[in-house]
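Novice: Encoded as structure tokens, here's the structure I'll be asking about.
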Ligand code: FPP
């Protein structure tokens, strides 16, 4: 899962290394997803225009990705642009975010390659402007052979529309193969999600203190640990990713089962009788 050949711990900052050294290597998450929030507030607190918050947020994307690659995190998924952002934000801000994405990819593909990072996307990306799609395609191809962290950018993404897209694809498949609806399994739906090739996130981080999921990876986060920090995304760095992983390791994941400390459950026939009566 974390082949030591892919680890570049010596490239962490001394502060990052101090946190990393407290982590249990055998319990590192495989997949971390992040809702990057607070760019506008970051700018507002400094009396700056919102777009400067987004610009600073793009720097955080790169720095956090590089720390993820140094610790050998296999999957990092970032919510960069939602369907709702596309529909509800002023056109000028949407256009700025599209230009920022293009320049971000142009300027950072070399660094992605230096860090062995592969870029991919999820969302209704075919609805994005043609020149943005071309740049995305270029970055994906340029980084396709990298074997370290897979950075997935969620762009024009919404979890409900992902499920609608999956249902449509599954319905088409069922029709072609003459499969009855009662034979549908969870795996069938999973196969048609944008994330079919990825493990579900172990850890979901949200910055800027909001306690919301905002239509992100709704199916995939069924058993994901959620970590909310007050820190605004433009201030979020690799060390904060490591702190979130440390908090994640203090949690106990039960997937609907019982804690190990509960031990054997004794059957009490009297209590069963009462419950049944
Ligand atoms: C939330 O901030 C963030 C976004 C709408 C998009 C995230 C975009 C980036 C991090 C920058 C570009 C990304 C890439 C991959 C180049 P907000 O505007 O909702 O903040 P607010 O809630 O404080 O107003």
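Novice: Taking the stretch 71-85 as the search range and keeping residues that are near the ligand (Cβ under 10 Å from one of its atoms) and touching a residue at least 60 places away in the same chain (Cβ under 8 Å), which one is farthest from residue 242 (Cα to Cα)?
Specialist: 84
Novice: While we're on this one: If I ask for residues that are touching a helix residue (DSSP H, G or I) at 6+ places or on another chain (Cβ under 6 Å) and either more than 10 Å from the ligand (Cβ to nearest atom) or at pLDDT below 95 (or both), which ones from the stretch 99-112 would you list?
Specialist: Listed by number, the residues that qualify are 109, 112.
Novice: Now a separate question. Here is a check on your reading of the model: is residue 166 at pLDDT 95 or above, within 16 Å of the ligand (Cβ to nearest atom) and either exposed (fewer than 11 other Cβ atoms within 10 Å of the Cβ) or under 30 Å from residue 112 (Cβ atoms) (or both)?
Specialist: Against the criterion (at pLDDT 95 or above, within 16 Å of the ligand (Cβ to nearest atom) and either exposed (fewer than 11 other Cβ atoms within 10 Å of the Cβ) or under 30 Å from residue 112 (Cβ atoms) (or both)), residue 166 does not qualify.
Novice: If you don't mind, another one. If I go through the stretch 31-62 residue by residue, how many of them are under 20 Å from the mean Cα position of the chain (by Cα) and surrounded by fewer than 16 Cβ atoms within 10 Å (Cβ to Cβ)?
Specialist: 1
Novice: Right, next: For the stretch 79-98, how many residues meet the condition of being surrounded by fewer than 20 Cβ atoms within 10 Å (Cβ to Cβ), within 20 Å of the chain's Cα centre (by Cα) and modelled with pLDDT of 95 or more?
Specialist: Number satisfying all stated conditions: 1.
Novice: Checking residue 119 against (1) closer than 20 Å to residue 64 by Cβ; (2) near the ligand (Cβ under 10 Å from one of its atoms); (3) in contact (Cβ under 8 Å) with a residue 40 or more places away in the chain, only one condition comes out false. Which one?
Specialist: Status for residue 119: all satisfied but (3).
Novice: Something else now. If the requirement is being within 19 Å of residue 251 (Cβ to Cβ) and at pLDDT 95 or above, which of these qualifies: 197, 175, 220?
Specialist: The unique qualifying residue is 220.
Novice: Give me a count of the residues in the stretch 87-97 that are assigned to a helix (DSSP H, G or I) and near the ligand (Cβ under 10 Å from one of its atoms).
Specialist: Within the stretch 87-97, residues that are assigned to a helix (DSSP H, G or I) and near the ligand (Cβ under 10 Å from one of its atoms) number 4.
Novice: If you scan the stretch 207-247, which residues turn out to be within 15 Å of the ligand (Cβ to nearest atom), more than 22 Å from residue 20 (Cβ to Cβ) and crowded, with 20+ Cβ neighbours inside 10 Å?
Specialist: If the condition is that a residue be within 15 Å of the ligand (Cβ to nearest atom), more than 22 Å from residue 20 (Cβ to Cβ) and crowded, with 20+ Cβ neighbours inside 10 Å, then 208, 216, 232, 234 are the ones that fit.
The values are calculated or read from the model by the stated rules, or taken from the named source; none is laboratory data. Owing to the predicted nature of the structure, the values given are computational and were not obtained by experimental measurement. Here Cβ is always computed from backbone atoms with ideal geometry, including for glycine, and neighbour counts include all displayed protein chains.
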